[in-house]
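Asks: Sharing a structure with you now.
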Amino acid sequence: MPNKPSFSDLAYKNKKKVTRKQRFLEKMDEILPWELLLEPILSKYPKSRKGRRPVPAKVMLRIYLMQQWYGLSDPAMEESLYDTESMRRFAGVSMQRIPDETTICKFRHFLLRHQITEGLLRLTGECLSECGLTVSKGNIAEPRIRRVRQKTDAGKR
């Protein structure tokens with residue numbers, strides 16, 4: 001029996017506007033050669049033996065690329081996955097299966113340790129270039145709440 005769509009799925013399907021982020025991620029999903037990008041990762045990626053199964057490499061690769069495109073830290077990427085339906089859909093994760101920031105960090109270090117990062121980004125860039133596209137690194141500001149001192153009537157603190 002197929003999974004029933006969640007309320008979130010139905011709301012997403014019937015929303016009135018397609019966002020720039022959604023269009024961008026759909027375009028990347030369509031044009032990037034996922035199997036080719038996964039090749040150097042899969043030969044070194046941990047296999048499930050005993051205990052908890054690792055997050056699929058394809059999911060982690062997609063999360064890693066979103067981090068690069070949007071300039072997100074590991075904690076910010078985890079939060080963005082919780083906040084943004086289009087990012088969850090692109091990554092291929094449900095709300096209950098979002099990798100935590102430590103898992104995201106470990107995957108990034110895995111890519112660096114096995115010297116996969118440079119080739120991965122080069123291949124991604126070449127593929128986009130062949131389609132007449134370029135992607136520049138983005139940045140999403142992370143606002144912080146700060147306490148501000150209030151002045152008294154006489155201007156004293």
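The values are calculated or read from the model by the stated rules, or taken from the named source; none is laboratory data. Not measured: the values here are computed from a predicted model. Quick reminder, even Gly has a Cβ in these numbers, built from the backbone with ideal geometry, and neighbours come from all protein chains shown.
Asks: Being part of a helix (DSSP H, G or I), within 17 Å of Leu120 (Cα to Cα), within 11 Å of the chain's Cα centre (by Cα) and modelled with pLDDT of 95 or more, is that true of even one residue in the stretch 38-46?
Replies: For the stretch 38-46, residues part of a helix (DSSP H, G or I), within 17 Å of Leu120 (Cα to Cα), within 11 Å of the chain's Cα centre (by Cα) and modelled with pLDDT of 95 or more: absent.
Asks: Something else: Exactly one of (1) over 15 Å from Thr124 (Cβ atoms); (2) crowded, with 20+ Cβ neighbours inside 10 Å is unmet by Leu61. Its number?
Replies: The number of the failed condition is (1).
Asks: Residues of the stretch 56-77 being over 20 Å from Phe24 (Cβ atoms) and either touching a Lys or Arg at 6+ places or on another chain (Cβ under 8 Å) or in a helix (DSSP H, G or I) (or both), which ones?
Replies: Ala57, Asp74, Pro75
Asks: Pairs only if they're at least six apart or on different chains, beta carbon under 6 angstrom, first in the stretch 66-88 and without any contact (Cβ under 8 Å) to a residue 24 or more places away in the chain, second in a helix (DSSP H, G or I) and of a type outside the set (A, V, I, L, M); list them, first residue then second.
Replies: That search, which allows pairs on different chains as well, returns Leu81/Arg88.
Asks: Can you tell me how many residues in the stretch 26-38 are acidic (Asp, Glu) and surrounded by 12 or more Cβ atoms within 10 Å (Cβ to Cβ)?
Replies: Number of matching residues: 2.
Asks: Right, here's the next one. For the stretch 87-119, give me each residue that is part of a helix (DSSP H, G or I), at pLDDT below 95 and under 15 Å from the mean Cα position of the chain (by Cα).
Replies: Met95, Arg97, listed by residue number.
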